[in-house]
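Engineer: The structure that follows is given in the form of structure tokens.
Throughout, read-outs are computed from the coordinates displayed, never taken from laboratory work. None of the values given here were measured: they were computed from a predicted structure. No Cβ is skipped: glycine too gets one built from the backbone with ideal geometry, and neighbour counts run over all protein chains shown.
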Amino acid sequence: MKRVLIANRGEIALRIVRACHEEELEAVAVHSAADRTSPHVRAADFAVPIGPPSPAESYLSIERLLEAARTSGADAIHPGYGFLAERAAFAEAVEAAGLVWIGPPPAAIRAMGDKTEARRRMEAAGVPIVPGAVAPLTDAVAASTVAGSIGYPVMVKAAAGGGGKGMRVVHEPSELEMALATAGSEALKAFGDASVYLEKYIECPRHVEIQVLADDTRTVHLGERECSIQRRHQKLVEEAPSVAVSETKRERMGAAAVAAAAAVGYRGAGTCEFLLSADGSFYFLEMNTRIQVEHPVTEMVYGVDLVREQLRIARGLPMSIASGPLRPRGWAIECRLTSEDPANGFLPTTGRIEYLRPPAGPGVRWDSGVEVGNDVTLHYDSMLAKLIVWAPDRAQAIARMERALAELVLVGVATNQGFHARLMRDEAFRRGEVDIQFLDRRPDLMQAGGSHADVSVAVAAALAEDAARRSRRPSIAADGGPASEWGRHARREALQ
Ligand code: MV4
């Protein structure tokens with residue numbers, strides 16, 4: 001393996017280029033017409049245009065990606081996350097073309113992609129699953145018998161599902177038939193398969209996932225990530241470790257995740273998702289057979305580089321993780337910065353990045369796929385960057401994230417930066433009292449506070465920056481603190 005083609009874009013493509021270079025591998029970027037000037041393209045050693053902006057004709061085209069690998073002389077493909085990362089047929093096509101697939105065996109992707117198949121395999125491997133059916137339901141009469149024996153509330157789920165599509169909560173028998181019909185038709189639309197099954201509905205759980213890593217001889221876990229802060233199945237903030245996971249619980253969940261990976265012959269980096277209920281019991285939900293967006297928080301507290309480990313394992317090398325017990329050190333938090341407008345129901349927005357000053361300083365990591373001059377369009381995911389901090393404990397990590405968010409200046413497109421700042425100041429969040437419904441209960445956090453004024457002040461500050469950078473010095477505040485919004489912006493600008 002000498003030259004790796006990265007079948008992705010944005011921050012994860014740049015993240016993989018960096019790992020390739022540290023592993024002394026060459027990196028080949030691919031890009032759609034919309035991404036010609038993106039940072040991942042410039043960072044790579046070679047760049048291949050693969051088509052128009054539409055993902056179906058570029059990043060989702062197996063044919064064009066394999067052709068790009070041929071013309072660039074790449075001998076391996078890293079899929080990143082999203083796009084084709086969990087498409088077993090893509091992994092097979094890569095291997096059939098004589099290239100190294102930097103990911104798990106296609107059979108492991110396939111086994112985990114079918115939710116009822118995964119449940120059967122997990123049950124056989126002794127991994128705790130949510131009580132319920134392990135086979136798709138055939139008719140409403142059978143469904144009501146199963147629901148009665150599970151006990152209400154129950155959840156109807158798509159067998160081919162994932163990501164929350166084709167899911168319905170059913171509180172009483174009279175609602176069951178309707179829920180089966182609507183979940184089934186939603187599943188047919190989303191996955192081309194109307195099969196559904198039933199599970200006990202777990203109320204107000206946390207979403208906690210375990211990172212696993214497997215090479216040819218060992219399968220290890222790298223602890224948990226707390227991912228409960230989400231809205232409509234889009235995670236917004238993740239942390240490691242979780243306030244809800246003791247050392248004993250970590251070892252139990254870790255052992256379950258390792259057993260889950262072993263049961264499907266896993267190799268490489270993967271993640272087992274669990275629901276952790278308030279009474280401390282946990283249930284396997286699904287396994288993500290890819291590198292995940294939130295992998296950096298695990299990297300920070302375990303001192304590992306998960307993408308480099310993926311590259312090592314794909315080359316047939318052993319993982320560079322010491323054997324013996326591993327422990328998280330300190331605390332890491334990630335905020336996903338998206339081009340979504342809090343003043344407009346968090347709808348994706350577009351625009352040109354006119355000015356960008358990323359945060360820096362001790363314990364701060366900025367994983368971004370955009371730079372000044374880039375256009376943010378509606379063709380791709382709205383995530384612009386990930387801001388990750390590390391500190392010795394959770395309280396200091398939150399303080400550091402607040403500081404880093406205050407340093408961040410991004411002008412040209414509306415973002416959820418203000419939401420993250422409000423969350424970091426929130427008392428319930430600071431106490432660690434979160435579950436998957438947290439944001440549903442807190443519309444106050446989703447509301448923008450005076451966003452219009454903030455934007456004009458930020459634009460003015462950015463314009464003033466160009467003229468004043470050389471001469472400006474921080475002013476001496478009479479009362480020991482910044483007196484106004486102008487003062488705060490001036491101080492932020494002067495930091496650079
Ligand atoms: C559940 C559940 C409660 N009880 N299953 C949502 C996506 C899919 N991967 C599984 N999901 C859920 N399954 C039972 N039996 C609640 C959810 C759920 C959820 C899970 C993880 C993260 C965010 C979520 C948001 C809403 C519902």
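Engineer: In Å, what is the Rg of the alpha-carbon atoms in the range 292-355, and how long is Dmax?
Structural biologist: 17.9, 50
Engineer: Also: Tell me, what is the percent relative contact order of the chain, built from C-alpha pairs under 8 Å that lie six or more residues apart?
Structural biologist: The value is 12 percent.
Engineer: Moving to a separate point now. Quick check on packing: order 220-231, 113-124 by the mean number of other C-beta atoms within 10 Å, highest mean leading.
Structural biologist: Values: 220-231: 23.7, 113-124: 18.7.
Ranking the peptides 220-231, 113-124 by packing returns 220-231, 113-124.
Engineer: Still on this structure, I have one more. Explain nothing, just the number: relative contact order of the range 8-124, from Cα pairs under 8 Å at least 6 residues apart, as a whole percent.
Structural biologist: It rounds to 19 percent for the range 8-124.
Engineer: Starting from the Cα of residue 463, step 7 Å toward the Cβ, then list every residue of the range 394-412 with an amide N under 18 Å from that point.
Structural biologist: Only 410-412 fall inside the zone, counting backbone N under 18 Å.
Engineer: Same structure again: Relative contact order of the range 289-429: what whole-number percent is it, with Cα pairs under 8 angstrom and at least 6 residues apart? Numbers along the way, then the final one.
Structural biologist: On the way: 229 pairs, mean separation 39.3, N = 141.
For the range 289-429, the relative contact order is 28 percent.
Engineer: Another question, then. Consider all pairwise Cα distances in the range 333-380 and report the whole-number % of them above 18 Å.
Structural biologist: Beyond 18 Å sits 40 percent of the P(r) for the range 333-380.
Engineer: Based on DSSP H runs of at least 4 residues, each adding -39500 (n - 2.57), what is the mean residue ellipticity at 222 nm of the chain after dividing by all its residues, to the nearest 500 deg cm²/dmol?
Structural biologist: -10500 deg cm²/dmol, from helical runs alone.
Engineer: With both partners inside the chain, how many of the DSSP beta bridges are antiparallel, as a percent to the nearest 5?
Structural biologist: If I count the DSSP bridges inside the chain, around 80 percent turn out antiparallel.
Engineer: Taking Rh as the Kirkwood radius, which is the inverse of the mean 1/r over Cα pairs, what is the Rg/Rh value for the chain?
Structural biologist: Values: Rg = 23.4 Å, Rh = 24.0 Å.
That ratio is 0.97, to two decimals.
Engineer: Just want the answer: with Cβ charges of +1 for Lys and Arg and -1 for Asp and Glu, which residue in 355, 339, 318 is farthest toward the dipole's positive end in the range 303-360?
Structural biologist: Of the listed residues, the answer is 318.
Engineer: Follow-up. Holding the Cα-Cα limit at 27 Å, pick out from 115/200; 2/115; 200/235; 165/235; 200/386; 157/386 the pairs that are longer than that.
Structural biologist: Flagged as over cut-off: 2/115; 200/386; 157/386.
Engineer: Taking 1 over the mean of 1/r across every pair of different Cα atoms in the range 1-152, what Kirkwood radius in Å do you get?
Structural biologist: Taking the inverse mean of 1/r over all distinct Cα pairs, the range 1-152 comes out at 17.5 Å.
Engineer: Another question, if that's okay. Sorted by mean Cβ packing within 10 Å, highest first, what order do the peptides 130-143, 332-345, 54-67 take?
Structural biologist: Descending packing order for the listed peptides: 332-345, 54-67, 130-143.
Engineer: Sort the following peptides by mean Cβ neighbour count (other Cβ atoms within 10 Å, averaged over residues), highest first: 242-248, 88-94.
Structural biologist: Top of the packing list down: 88-94, 242-248.
Engineer: Under 13 Å from a point 7 Å along the Cα-to-Cβ line of residue 248: which residues of the range 270-308 have their amide N that close?
Structural biologist: Under cut-off, by backbone N: 280-281.
Engineer: Under a point-charge model restricted to the Cβ atoms of Lys and Arg (+1) and Asp and Glu (-1), what is the dipole moment magnitude of the chain relative to its Cα centre, in debye to the nearest 20?
Structural biologist: Approximately 900 debye in magnitude.
Engineer: Sticking with this one: Fully extended, how many nm does the chain gain between residue 233 and residue 216 (0.36 nm per residue separation, minus their Cα-Cα distance)?
Structural biologist: Numbers: separation 17, 0.36 × 17 = 6.12 nm, distance 3.36 nm.
Extra length available between residue 233 and residue 216 comes to 2.8 nm.
Engineer: May I ask which residue of 89, 74, 39 lies farthest towards the positive end of the charge dipole of the range 9-101, with charges of +1 (Lys, Arg) and -1 (Asp, Glu) on Cβ and the Cα centre as origin?
Structural biologist: Working it through, the farthest residue towards the positive pole turns out to be 39.
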